[in-house]
1. Spot the failing condition for ARG153; the list is (1) touching a Pro at 6+ places or on another chain (Cβ under 7 Å); (2) among the basic types (Lys, Arg); (3) within 21 Å of ASN263 (Cα to Cα), and only one is missed.
2. Considering (1) more than 15 Å from ligand 2 (Cβ to nearest atom); (2) in contact with a helix residue (DSSP H, G or I) (Cβ under 8 Å, 6 or more places away or on another chain), say which one VAL123 fails and leave the rest.
3. If I filter the range 173-209 down to residues being in contact with a helix residue (DSSP H, G or I) (Cβ under 6 Å, 6 or more places away or on another chain) and closer than 11 Å to VAL123 by Cα, which single residue comes out as farthest from ligand 1 (Cβ to nearest atom)?
4. Which residues, counting only those in the range 236-281, are under 13 Å from TYR203 (Cα atoms), away from ligand 1 (no atom under 13 Å from the Cβ) and assigned to a helix (DSSP H, G or I)?
5. ARG116 fails exactly one of the following numbered conditions: (1) within 25 Å of ALA208 (Cα to Cα); (2) modelled with pLDDT of 90 or more; (3) over 25 Å from the mean Cα position of the chain (by Cα). What is the number of that condition?
6. Could you please tell me which pairs satisfy a Cβ distance under 9 Å, a separation of 6+ or placement on different chains, a first residue in the range 106-130 that is farther than 19 Å from GLY173 by Cβ, and a second residue that is within 16 Å of ligand 1 (Cβ to nearest atom) and among the small types (Gly, Ala, Ser)?
7. Determine which member of the set ALA136, ALA160 is within 14 Å of the chain's Cα centre (by Cα) and farther than 27 Å from ASN218 by Cα.
8. Quick one: how many residues across the range 159-185 are more than 14 Å from ligand 2 (Cβ to nearest atom) and either in contact (Cβ under 8 Å) with a residue 24 or more places away in the chain or surrounded by 14 or more Cβ atoms within 10 Å (Cβ to Cβ) (or both)?
Amino acid sequence: MFHALIKKTFLNNLTKRNFASISKPPVKLNRQEISNRQKFRQINPPPSILKEIEALGLGKPRRVKTSRFATKVAIVGRKKLEHTLGKLEIPQEELELPHLSFFAGAKIPSSIPPERVPEVAFVGRSNVGKSSLINALADTTIVRTSNKPGLTRQINFYAASRIFNMIDMPGYGFAYVKEEELIQWGKLIETYITMRTTLKKIYVIIDARHGIKLADVNFLEMLDKKDVKFQIVLTKCDMVIPPDLARRYVVVKKKLNQYKNANEEPLMVSARKKAGILNLRKEILQTVEALEKARQQNKALLIDNGRKVRNSRHSNAKRKKRVSRKM
Ligand SMILES: Nc1nc2c(ncn2[C@@H]2O[C@H](COP(=O)(O)OP(=O)(O)OP(=O)(O)O)[C@@H](O)[C@H]2O)c(=O)[nH]1
Ligand SMILES: [Mg+2]
């Protein structure tokens, strides 16, 4: 009797739970999600963007199954695309940034260092890849990065050979920090942005997989209010397949129309693959008015390397001659 009662209540609970799960609202949410994705997939990006993505080596290669046990990495339709778009090459200038060194960290507005040279700052949601991008740009590893969000907890100032500064900011929209600390970060970032007269531009880093999120919108609105120029940079582009990356570019570019201080064209990069980095380097050098200096330094470097190569070849030839004479 007791057994039968337990069985009955168990069955009752089971059916109740089943009904509960059937009548749950997430089904509606799912439909919404699907339709958003469908809308995204319906975007037809212009061929010039696809060409740029392919030529810069951005975008995740699709894995194509070749046999039951092996997979071959290939960019699907690459040949077809090459056929329709022509040769996939975009000339890029081989530029290097000056040597980077850390010189100050600020947790409170009073510890922000005095203004000296032009500055560019990197801002974005936590864990989006700001610190990794600075490393890739300056071809260094001095900026600390982590796969856990919330690593950079102060404004870090890096000097690029006393010509300009690169600033690594703490991420916004990070949920696992005490509210007090979040408010403190917010104040710190806002003070720096509004007071700094040497700040030339803010690079707002956006994850190419997710696009512009609510936390980004709030930040961009603040930049517009404070009249600060900014450039959107889509990063982690190695994690999105080329057609979706092109669609993301289209969506982000359209959203930028509503901000008066935004550069019209978003840039696309991958810090991991070092793709699109040369374009961003050029943009930064132009912003801090150091492009000509960098060009001259690069020329000098090229000439130096050329001499070294010629000298070593020369000495190799001499050595060979000496050896053959001895023989
Ligand atoms: N695949 C890929 N991963 C990246 C790229 N850039 C950064 N990452 C990874 O993303 C994670 C976060 O990178 P960080 O540079 O520390 O990000 P952050 O924005 O400085 O993070 P916070 O300082 O916590 O705000 C690390 O695991 C990086 O290796 C990229 O271009 N491609
Ligand atoms: Mg960081």
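The values are calculated or read from the model by the stated rules, or taken from the named source; none is laboratory data. Fair warning: this is a prediction, and the values are worked out from it, not measured in the lab. All Cβ positions, even for glycine, are placed from backbone atoms using ideal geometry, and neighbour counts span all protein chains on display.
1. ARG153 satisfies all of (1) touching a Pro at 6+ places or on another chain (Cβ under 7 Å); (2) among the basic types (Lys, Arg); (3) within 21 Å of ASN263 (Cα to Cα) except (3).
2. Unmet condition: (1).
3. LYS201
4. Hit for the range 236-281 is ARG281, nothing else.
5. (1)
6. Listed pairs, sorted by first residue: SER111/GLY105; ILE112/ALA106; PRO113/ALA106.
7. Details: ALA160 fails: within 14 Å of the chain's Cα centre (by Cα).
Answer to the selection: ALA136.
8. 11
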